[in-house]
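A short write-up of the structure that comes next.
The values are calculated or read from the model by the stated rules, or taken from the named source; none is laboratory data. Nothing here was measured: the structure is a model prediction, and the numbers come from that model. Because the Cβ atoms are built from the backbone with ideal geometry, glycine has one as well, and the counts that use them run over all protein chains shown.
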Amino acid sequence: MSRTFRLLNSTLSQFILIFFAILFLIPLYLLLRNSLMTELEITAWDWVFWPEVTQWQNYPELFADPFVPMLNGFKNSAIIATVTVVVQISLSCMAGYALARVPFKYSNIVLWFVLITFLVPLQAMFVPQFVLIAKIGWVNTWQGLIVPGVFNAFNTFMFRQYFLSFPADLEDAGKVDGLNYFGIFWRLALPNAWPIIIALGSLTLVNSWNAFLWPLVIGQGREWWTIQVNISTFLTAQVVVLHSAFAAAFLGALPVLVLFFVLQRYIAQGITRSGIKG
Amino acid sequence: MAITASAGTTAATANKKRRRKDAIIFWFMVGPVVLGLLFFIFTPIVWGFLVSLHKSRGTVNLEEYVGLANYYNILTDEDYLKSLLFITQFSLFIVPVTYALSLFLAVMVQNAAWGKGVFRTIFFMPTAISYVIAAMIWRMAIFSGLPYGFANWIIWVTAEIEPIAWIGTIRPPWHYMVLVTVRLWLQVGFYMILFIAGMQDIPQEMYEAARVDGAESKWTLFRHITFPLLRNTSIFVLLVNLVHAFQAFAEFYNILGATWTAGGLLSLARPPLLYLYQVAMNQQFYGTGTAGAFILVLIIFVVTVIQSRLTGGLGKEV
């Protein structure tokens, strides 16, 4: 291959990448743009790239709207996501360590049990799950929204894979110091597991924040709506107030976008681990 | 003699004691997750199955035993069958396209002359956005049927094509364009990261060896080294993607949802989960709803088994 050809080739590749990058950024740009325009500007026939006067007041107005409980939606989502992440990651991490490290005769059977549950397609199970949750009276309750989500077979398995490669020397050192397995986990394994905790924790947080079907089914009362259900009601409303809808959507996306941006290295590692290793 | 024997038994008891202690610690640490999974995944299967054998309309209690009538009803329900057919078509389309695009972007990003990190971030960011928010952007900003929609603006300024009612038209099925692109935008970055990771695992020496053997072009290297060595990643991506596609809900609910009284469009592009939502949540036919859910779960199971058979299954060393 000649040098010019190669140069041409890499320039072309770069152009293709830039083209796709623009394509991928357009939706986010439109989201931000529309959230800062007036209703009239959004629906105008003439295209504008950016509003002449940015309508920052779209945001405070959004919270003043008595028909859509935005602030409450944020509060609900924040509570659900935080509790889910803290409890789910603690439980999965602990269980994963035990499955990887604590000697127990039937450990393998327990691992198989966890793996089988991982094979159950959870979204498709929402009707049977709803029927049970309704039976125990957990519709429109915090526990109904949160508790079914804190037991996670996948994360448990991921933590197990991670702790399998935990150095045996450290473990032995812990035993010499008279620690039992929980002590080793607490004092030695946990402090070394931060990268994976951050990775799986942020993925769990994003999934919980973005969840739609379960909160829709369980948090039926207006006071139980999460931010996603709130945004969805803009779409199903009789009259769609466009600028408010976009402002709500942008605010709903912002926390997870920032989180992803800041932690992307960890998250990418977490996703990587989930794939093929082990 | 006596001394050794007694020392032996003490060691044995100590051993036994330690093992019991370890078992207690094991259950202390694993117990919560196991009990939780039992209660929130296996109990719904058992209880839900019992409900599916009852009429249970407007109540989640076991009311009026009907045997397998719910299964018969849902399996002869034209709308349900239509939704199963639709999701199969949709998956057959979305899964290969997602696969190809994410692999393509991974290769392009890895071979970029500059800006690798920037491109990776840009393609990965949409993964953070929820289906609801993406649905909002797609329906109200990009594929709005009115001239102010971004897609309509683009086709007008580039080719002077009149505005298209993307979501409202049945023939040609433009709504496919809307539903496929939104899912692509949300998912491709995730699988791209998996492919990039898989590519980083391929030892550089293999490429060097191939170059020594005369393999020059990037395409040859991709076809003979990168692609075959990404086999496990590929199988994983296809499998996860397929299971996800069969459980599509949020973007359909939010993009087509409100138009369903208007055009009957939803009956053309209604995934089974959305149909079950209507049966169980709107009509409160819990017996039929649970029966439909179990059939869907079974189908997903069968499809994944067939797919892993076809691809030869995970875990084989490359």
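Could you check, for region B:245-254, whether at least one of its residues is more than 9 Å from every other protein chain (Cβ to nearest Cβ), of a type in the set (F, W, Y) and under 20 Å from the mean Cα position of the chain (by Cα)? Within region B:245-254, one or more residues are more than 9 Å from every other protein chain (Cβ to nearest Cβ), of a type in the set (F, W, Y) and under 20 Å from the mean Cα position of the chain (by Cα). Of note, A:Q264 satisfies the criterion of being at negative phi, facing chain B (nearest Cβ under 8 Å) and either of a type in the set (S, T, Y) or in a helix (DSSP H, G or I) (or both).
Every condition in (1) closer than 29 Å to A:A168 by Cα; (2) at the interface with chain B (Cβ under 7 Å from one of its Cβ atoms); (3) exposed (fewer than 14 other Cβ atoms within 10 Å of the Cβ) holds for A:W45 except the one numbered (1). Selection within region B:7-27: residues that are more than 7 Å from chain A (Cβ to nearest Cβ) and modelled with pLDDT of 90 or more. The member of this set that is farthest from A:A98 (Cα to Cα) is B:I24.
Please specify each residue of region B:111-121 satisfying the condition of being part of a helix (DSSP H, G or I) and within 7 Å of chain A (Cβ to nearest Cβ). Break it down into steps so the answer makes sense when it comes.
Of the residues in region B:111-121, the ones part of a helix (DSSP H, G or I) are B:116-121.
Scanning region B:111-121 gives B:F119, B:T121.
Considering B:F124, B:F143, the condition of being within 14 Å of A:P27 (Cα to Cα), of a type in the set (A, V, I, L, M, F, W, C) and within 7 Å of another protein chain (Cβ to nearest Cβ) is satisfied by B:F124 alone. On the stretch given as region A:212-223, residues that are in contact (Cβ under 8 Å) with a residue 40 or more places away in the chain and either buried (at least 16 other Cβ atoms within 10 Å of the Cβ) or under 25 Å from B:P126 (Cβ atoms) (or both) total 6. For A:V139, the conditions (1) under 30 Å from A:V240 (Cα atoms); (2) within 20 Å of the chain's Cα centre (by Cα); (3) of a type in the set (V, I, T) are fulfilled apart from (2).
For region A:6-21, filtering for residues that are more than 9 Å from chain B (Cβ to nearest Cβ) and either over 30 Å from B:A113 (Cα atoms) or hydrophobic (A, V, I, L, M, F, W, C) (or both) leaves 5.
Note on region A:69-114: residues that are more than 19 Å from A:N155 (Cβ to Cβ), in a helix (DSSP H, G or I) and free of Cβ contacts under 8 Å to residues at least 12 places away in the same chain total 5. The single residue among B:T98, B:T43, B:T88, B:T13 that is of a type in the set (S, T, N, Q), assigned to a helix (DSSP H, G or I) and under 30 Å from A:T272 (Cβ atoms) turns out to be B:T98. For region B:147-184, the set of residues classified as assigned to a loop (DSSP other than H, G, I, E, B) and in contact with a Leu (Cβ under 9 Å, 6 or more places away or on another chain) consists of B:P163, B:A165, B:I167, B:G168, B:T169, B:I170, B:P173, listed by residue number.
I'd like the residue in region A:67-82 that is among the hydrophobic types (A, V, I, L, M, F, W, C) and more than 16 Å from the chain's Cα centre (by Cα) and, out of all such residues, is farthest from A:Q143 (Cα to Cα). Lay out the reasoning, then the answer.
Residues of region A:67-82 among the hydrophobic types (A, V, I, L, M, F, W, C): A:67-68, A:70-71, A:74, A:78-81.
Of the ones still in play, those that are also more than 16 Å from the chain's Cα centre (by Cα) are A:67-68, A:70-71.
Details: A:F67: 26, A:V68: 23, A:M70: 21, A:L71: 21 Å.
Checking each candidate, the answer is A:F67.
Being away from chain A (no Cβ under 13 Å) and out of contact with any strand residue (DSSP E or B) (no Cβ under 8 Å at 6 or more places or on another chain) narrows it down to one residue among B:L68, B:L101, B:L105; which is it?
Working: B:L101 fails: away from chain A (no Cβ under 13 Å); B:L105 fails: away from chain A (no Cβ under 13 Å).
Answer to the selection: B:L68.
Note on region B:28-57: residues that are surrounded by fewer than 16 Cβ atoms within 10 Å (Cβ to Cβ) and aromatic (F, W, Y) amount to 4.
Looking at A:S35, A:S90, A:S107, can you tell me which residue is within 30 Å of A:R160 (Cβ to Cβ), within 13 Å of chain B (Cβ to nearest Cβ), under 25 Å from the mean Cα position of the chain (by Cα) and of a type in the set (S, T, N, Q)? Criteria check complete, one pass: A:S90. Among the residues making up region B:43-65, none is facing another protein chain (nearest Cβ under 9 Å) and either charged (D, E, K, R) or more than 13 Å from A:V131 (Cα to Cα) (or both). Determine, yes or no, whether B:F93 is at the interface with chain A (Cβ under 10 Å from one of its Cβ atoms) and under 27 Å from B:L230 (Cβ atoms). So B:F93 fails the test. Any residue at all in region A:59-68 that is assigned to a helix (DSSP H, G or I) and β-branched (V, I, T)? So far as region A:59-68 goes, no, none of its residues is assigned to a helix (DSSP H, G or I) and β-branched (V, I, T). Considering only residues in region B:152-195 that are more than 9 Å from chain A (Cβ to nearest Cβ) and of a type in the set (G, A, S), the one that is surrounded by the fewest Cβ atoms within 10 Å (Cβ to Cβ) turns out to be B:A159. Checking every residue in region B:267-276 against the condition of being out of contact with any Pro (no Cβ under 9 Å at 6 or more places or on another chain) and either surrounded by fewer than 18 Cβ atoms within 10 Å (Cβ to Cβ) or more than 29 Å from B:M177 (Cβ to Cβ) (or both) gives at least one match.
Residues that are modelled with pLDDT of 90 or more and more than 10 Å from every other protein chain (Cβ to nearest Cβ) are absent from region B:288-301 altogether.
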